[in-house]
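The values are calculated or read from the model by the stated rules, or taken from the named source; none is laboratory data. Treat the numbers as computed from the prediction; the structure is a model and nothing was measured. Glycine gets a Cβ as well: all are built from the backbone with ideal geometry, and neighbour counts include every protein chain shown. What goes into the accessible areas is simple: the full protein's heavy atoms, side chains included, and nothing from ligands, DNA or RNA. Shrake-Rupley method; radii C 1.70, N 1.55, O 1.52, S 1.80 Å.
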Amino acid sequence: MTLHDQLPALLVVVPLVTAPIAYLLRAHGLPWAAAVAANVTAFIIACALAATVYGGETIIYEMGGWPAPYGIVLHIDALSALMAMLVTGASAAALIFGAKSLADEVGEEIAPSFFAAWILCTAGLTGMVITGDAFNIFVFMEISSLSTYILVSAGPDRRALVATYRYIVMGTIGATLYLIGVGFLYMATGSLNTVDIAARIGDVTEVRLLLVAAGFITVGLALKAAIFPLHSWMPNAYTFAPNVVTVFIAAASAKVSLYVLIRIDYAIFYKNIPNHELQLALLLVPMGILALFAGSMLAIYEKNLKRLLAYSSVAQVGYIALGISMASVSGLTAAIVHMFNHGLIKGGMFMAVACLALRYRSVNIANLAGAGRAMPWTMAAFVIGGLGLIGVPLTPGFISKWYLVLGALEKGGLGAVLVAAILLSSLLAVIYVWKVVEVAYFKEPRANAVPVEREAPLVMLIPTWIVVLAGLWIAIDSSMPVTMATLGAETLLGAR
Amino acid sequence: MDLALDIISAILLAAGTFFVFAGGVGVMRMPDFYTRMHAASLTDTGGAALIIAGLLLQGGLTLAPVKLLAIFLFLFLTSPTASYALVNAALLSGLKPRARNETGAPLPEGEALQPVTRLGKRGTNTPQDNTGKAAAKQPAAKKAAAKKPAEKKPAANKKAAKKS
Amino acid sequence: MELLGLYNYFVFAVLLMVGLYCILARTNIIKSLIGLTIFQGAVFLLYISMDKIDGGTGPIILEGAPADTIYANPLPQVLILTAIVVGISTTALGLAVAVRIREAYGTIEEDEIQEMDREQ
Amino acid sequence: MMTIVFSLFLLTMLVLVAVAILRTENLFTAVMLSGIFSLLMAANFFVLDAADVALTEAVIGAGISTVLFLGALALTSEKDRSPPVGSWVPLISASALGAVIIYAVMQAPRLGDPNAVVHNHVAPWYLEKTPELIDVPNVVTAVLASFRGYDTLGEVFVVFIACMGVMSLLGRVRPRKDSIKLTEYEERSRNLRHHLIPRIVGKMLVPFIVLFGLYVQFHGDFGPGGGFQAGGLIAAGIILYSLLEGDWRGRELVPEWFTSLMVAMGALLYAGVGVVCMLKGGHFLNYSVLFEDPIKGQHIGILLVELGVGLTVTGVMITVFHAFARRGVR
């Protein structure tokens, strides 16, 4: 088998092999270098895989050489390649960007175990994205969650520990609910391979088992993806984690749970449970709309910049949930495109916040007065990201909201409500973005505040602006994410 | 021949079960921690030994009896040691055995178990003061956690062992 | 009589309820972690009660075994071997966080911790 | 019929112990009860013909997790001071969860009926193909290491991460080696000085526990056993030694650099075997390509992989125990 055939396995194996090596390297800076190397290689492999599946076919890789329902099989189609690129890209960018900021927030002593956990978080997320086995998703979900707990607990503030504890309890309950769902699925169909389950689920007589399995899986994954009523662990986890860790988990980790929700709900349940899309709409539409408004309102009254962005993430996840609930090709495309775009926008904004935190030593909005003049480039990146949240044309946010509105209009009556909700919550987004802009540009720095003249270091500014420019490029020529998303949506809904 | 074996093993098993049952009743009815430990530890070892002996006879000449013998040896060593360690830890933590006639009246069930005085480093802390600090000083009930930090002086311990 | 066959699953449901109640109702961190182990332990029971076949033995195929012996289903056992180790890893991590919280806050009662955070 | 009686009794005991855990105030009692809970769970698994899982649950559930909880309790408080909060939210959510499950389980197949879907799809293939393709008596080990080897690779890294987490959270304490004089060390291990009998008996048993752990490690193909159980057993033996002799001597017996090396090498061995299979032209973790004779390849592959799991689990359990034990000595 040529190297090209081995790529699907290498995407996960390279980080897995590098993690123990990074743990053994005790010299200064080496664990960080190993982490960057592993993540950049994984990103290159993900891009190569995306190129091969761009035409629309699916790569099947049998682990251990055993055929499909008996062994574990990797499925890589356009949707999973896009997600793999998002995860590995966000991880590599955050690591390269955050060398300095991590050095002073995360001590030198725990660097080996910290960076080993970081590499394994990427490996877990990519493993979840490309595997085709329901139980394997649980195993890699545990790898990525446990390593995210470690990354969050490394925060300087003592409240990071409490945030980690709540995250552990809620995350484990979510993962166990997912495991119970898979258990019921296995009880009804007798197999664990997602494609095999989809094939065998048609002739299952016990509909109750399937309904409850779908319920458990959806609630478990909603808990992991922090969809509105189940999001209580997320704001504190994002706020008290080290700044660079927030960049990574905000851009990538919540999205992967939504990806698994899409894949399992649409690949397995949609085809075989009668009027499943009605049940999905009944659950996700109210949760989505609540997320839009509650997230935005909480963000407006928030004083801490990182928690403000975390609540805005809750709102944006509401958009994705709305896209998923539409159960149409354009609706799903909109959800997937918004997952990708939101990863880009939020990644860029949290990078800007990390630059501000490095210089201002605080993320409280009041202390950032006058940042517009002191750190023009950083604030410019932040504002462009803010515009992206609102959905102003020429930003990635506009593209995803455009497809969301398209999808909503297809739904007729309910569609009008969705469109109204989307536009209204975009207005709320204007308010909380303007709140930050006003403090940064139009307020004089307080007398006793520590005077900050220097811009963020170049090594941090360049990755931030690369991400912002990538967002602008996507806004202009959005062919890459949109075609991959449409391919993914069509394969899921069986339209191909 | 095997009929005799069956009868003997049946008797042994019955005796073993009776031992364990007696131990259970003993733990329920005995008033004080030490008497309960006495009841539990003795019957536990004896009952297990009898049951294993009974099973041995059923095993015939395969590998099973050898494994049963290994289990018996292991149990025979560990269970008395575990009981000893438990009682020793209780003694060290200052739980004084209370004889019936010392107070005349029969002991109310709950009260007997309350540790009378907790001999901390300065012998001052009272039972209520079992916050984290005290927990870090006393030896945990089970020997598994007996590796507590070092503030307690050896002298205090010898005195406790000698006095009770 | 046929309800007896489902007894395993009823016990699974009750253990889940006890575990979840212990996690949510008790504010002590270590008590919640014990509740978490019960919650995960219940799931092991769900999977393993799926693998039992009447008259079947453990899935170990010895040479001398007659051809028609019925064996239990090996797949749920493999899954649960994995899940047990996931459980112990989460418990170890949770306990490490609990010890650090005790050192940082001086208490492991969530309500007292919340008050300290609110004052900050 | 007998199994129904056994499982009825054990399952009811299980529920009683779980409710007892919920109601106790004293945390030590709760930890002891959770140890008993795991042991009852192991007995249940044995009655349900799952010998491997029973051994794992006994070793890891009852053994290692109780020791970890007691280690953490020694560093935190003893009493669960939370008032019996009667808030309705946990009650409602727990009973809702239970009701949904009971609603669904009504349609589940009865315990042990042979024509359940689960027994007719994937399982017969494993039972039939294992003697042919892998020729290993214990089908569970064959499925664990070869058919679903990728799952177990993920599993080894879950344990690896637990070690990363505990090292990053509790690893920061540097025991000030120079400042600890011999007398202070003597005094520290004096807490066990007068526990003469447990020390003597314990030190007699430790070699046999470790020997049994190695037996379980390399016997995994023929009977219940394998890497996870062996790792737990060997670690239990060494933890017993550390308990009796004081964790300082335990760290001299198995030094910290050695355990972290074991943790890393075990994970690398497992992933390395997979990479070698890729280099030899097969899929990842396809042991048949390791040697010309595929069955020999499977045997060696499974042996190496189980060894990797055993190494990692032993290293992690010892590191985690010492992290908790050393934390108290500060």
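According to a simple spin-label model (label point 7 Å from Cα along Cα-to-Cβ), what is the distance in nm between A:Asn364 and A:Val430?
Output for this residue pair reads 3.1 nm.
Per residue of A:215-222, how many C-beta atoms from partner chains lie within 10 Å of its own C-beta, taken as a mean?
For peptide A:215-222, the averaged partner shielding equals 1.
Is there a quick way to get the dipole size of the protein assembly as shown? I mean about its Cα centre, with the Cβ of Lys and Arg at +1 and of Asp and Glu at -1; what is the value in debye to the nearest 20?
4600
By per-residue mean of other Cβ atoms within 10 Å, what is the highest-first order of C:7-15, A:473-481, D:133-141?
My ranking of the peptides, most packed first, is D:133-141, C:7-15, A:473-481.
Would you mind checking A:Lys306/D:Lys79; C:Lys31/D:Lys203; A:Lys306/A:Lys411; A:Lys255/D:Lys280; D:Lys129/D:Lys280 for any pair whose Cα atoms are more than 31 angstrom apart?
The pairs that break the limit, which is 31 Å between Cα atoms, are A:Lys306/D:Lys79; C:Lys31/D:Lys203; A:Lys306/A:Lys411; A:Lys255/D:Lys280.
Per-residue Cβ counts within 10 Å, from other chains only, averaged over D:87-100: what number is that?
For peptide D:87-100, the averaged partner shielding equals 5.
Shape call for the range D:254-330 from the C-alpha gyration tensor, a ≥ b ≥ c root eigenvalues: rounded (a/c under 1.5), prolate (a/b greater than b/c) or oblate? Working shown, then result.
On the way: a/c = 4.67, a/b = 3.36, b/c = 1.39.
It comes out prolate by the Cα gyration axes.
Work out the mean other chain Cβ neighbour count within 10 Å for the residues of D:285-292 and drop it here as an integer.
That average works out to 3.
Determine the shape class of chain D: with a ≥ b ≥ c the square roots of the Cα gyration tensor eigenvalues, call it rounded for a/c under 1.5, and otherwise prolate if a/b is greater than b/c, oblate otherwise.
Oblate, since a/c reaches 1.5 and b/c is not below a/b.
Using the heavy atoms of the protein chains alone and a 1.4 angstrom probe, what is the accessible area of the range D:191-287 per residue in square angstrom?
Roughly 38 Å² per residue, with all protein chains present.
Can you give the accessible area buried between chains C and D, summed over both chains, with a 1.4 Å probe, in Å² to the nearest 100?
7900
Using a 1.4 Å probe on the protein heavy atoms only, what accessible surface does B:Ile7 show? Give it in Å² to the nearest 10.
We get 90 Å² for B:Ile7.
Can you put A:Tyr270, A:Tyr54, A:Tyr311 in order of accessible area, largest first, using a 1.4 Å probe?
A:Tyr54, A:Tyr270, A:Tyr311
At a probe radius of 1.4 Å, figure out the D/A buried accessible area, summed over both chains, and give it in Å² to the nearest 100.
Interface area, both chains combined: 5200 Å², rounded to the nearest 100.
Between the chain alone and the structure with every protein chain in place, find the residues of the range A:63-102 that drop at least 50 Å² of accessible area; heavy atoms, 1.4 Å probe.
So the qualifying set is A:Met63, A:Gly64, A:Trp66, A:Tyr70, A:Ile72.
Calculate the dipole size of the range A:147-306 relative to its Cα centre from +1 charges on Lys and Arg beta carbons and -1 charges on Asp and Glu beta carbons; express the result in debye to the nearest 20. Walk me through the numbers on the way to the answer.
Values: 11 positive and 7 negative charges, 94 e Å.
Value, rounded to 20: 460 debye.
When only Cα pairs under 8 Å and 6 or more residues apart are kept, what is the percent relative contact order across chain D?
20
What residue among D:Gly297, D:Gly237, D:Gly227 has the largest mean-square fluctuation in a Gaussian network model of chain D, using Cα springs under 10 Å?
Between D:Gly297, D:Gly237, D:Gly227, it is D:Gly297 that shows the largest mean-square fluctuation.
Using a probe radius of 1.4 Å on protein heavy atoms only, what is the accessible area buried between chains A and C, both sides summed, to the nearest 100 Å²?
Heavy-atom accessible area buried at this interface is about 3000 Å².
Rounded to whole Å and ordered largest first, report the semi-axes of the equivalent ellipsoid of chain C derived from its Cα gyration tensor (root of 5λ). All intermediate terms of the calculation are to be shown ahead of the outcome.
Values: eigenvalues 349, 62, 9 Å².
Sorted largest first and rounded, they come to 42, 18, 7 Å.
How many percent of the accessible area of the protein assembly as shown is carbon or sulfur, using a 1.4 Å probe?
Values: 28070 of 39590 Å².
Within the protein assembly as shown, the accessible surface is 71 percent carbon and sulfur.
If I take R0 = 35 Å and measure r between the Cβ atoms of A:Val392 and A:Thr52 in this structure, what FRET efficiency does the formula 1/(1 + (r/R0)^6) give, to the nearest 0.05? All intermediate terms of the calculation are to be shown ahead of the outcome.
Values: r = 35 Å, r/R0 = 1.00.
Taking R0 as 35 Å, the efficiency between A:Val392 and A:Thr52 is 0.50.
Working only with C-alpha atoms, what are the Rg and Dmax values of the range A:21-130, expressed in angstrom?
Rg, Dmax (Cα atoms, Å): 16.2, 49.
In deg cm²/dmol and to the nearest 500, what is the mean residue ellipticity at 222 nm of chain A if only DSSP H runs of at least 4 residues count, each as -39500 (n - 2.57), divided by the residue total?
The helix-only estimate for chain A comes to -25000 deg cm²/dmol at 222 nm.
Relative contact order of chain A, please, whole-number percent, based on alpha carbon pairs below 8 angstrom and at least 6 residues apart.
Values: 873 pairs, mean separation 71.8, N = 496.
Value for chain A: 14 percent.
Express the C-alpha Rg of chain A as a ratio against the empirical globular expectation 2.2 N^0.38 Å, rounded to two decimals.
Taking N as the residue count of chain A, the ratio is 0.93.
Accessible area per residue of the range C:27-120 at 1.4 Å probe, in Å²?
Heavy-atom accessible area per residue stands at 27 Å².
Got the relative contact order for the range B:1-85 handy, in percent, Cα pairs under 8 Å and 6 or more residues apart?
Once divided by the residue count of the range B:1-85, the mean separation gives 34 percent.
Can you give the accessible area per residue of the range A:246-333, in Å², using a 1.4 Å probe?
Heavy-atom SASA per residue in the range A:246-333 reads 24 Å².
Whats the longest run of chain A with zero GluC sites (Glu not before Pro) that are DSSP loop and have at most 13 other Cβ atoms within 10 Å?
Details: sites that count: A:Glu57, A:Glu108, A:Glu453.
It works out to A:109-452.
Give me the accessible area of A:Asp196, 1.4 Å probe, in Å² rounded to the nearest 10.
Estimated to the nearest 10 Å², A:Asp196 gives 30 Å².
Rounded to the nearest 0.05, what FRET efficiency is calculated for C:Leu4 and D:Ile295 with R0 set to 56 Å and r the Cβ-Cβ distance?
Rounded to the nearest 0.05, the efficiency is 0.80.
Rg and Dmax of the range A:184-294, Cα atoms, in Å?
Radius of gyration, then largest Cα-Cα span, for the range A:184-294: 16.1, 51 Å.
Using only the Cα atoms of the protein assembly as shown, construct the convex hull and provide its projected area averaged over every direction, in square nanometres to one decimal.
45.2
Of the listed peptides D:87-96, A:252-261, A:415-424, what is their order by residue-averaged count of other C-beta atoms within 10 Å, with the highest listed first?
The densest-packed peptide leads the list: A:252-261, A:415-424, D:87-96.
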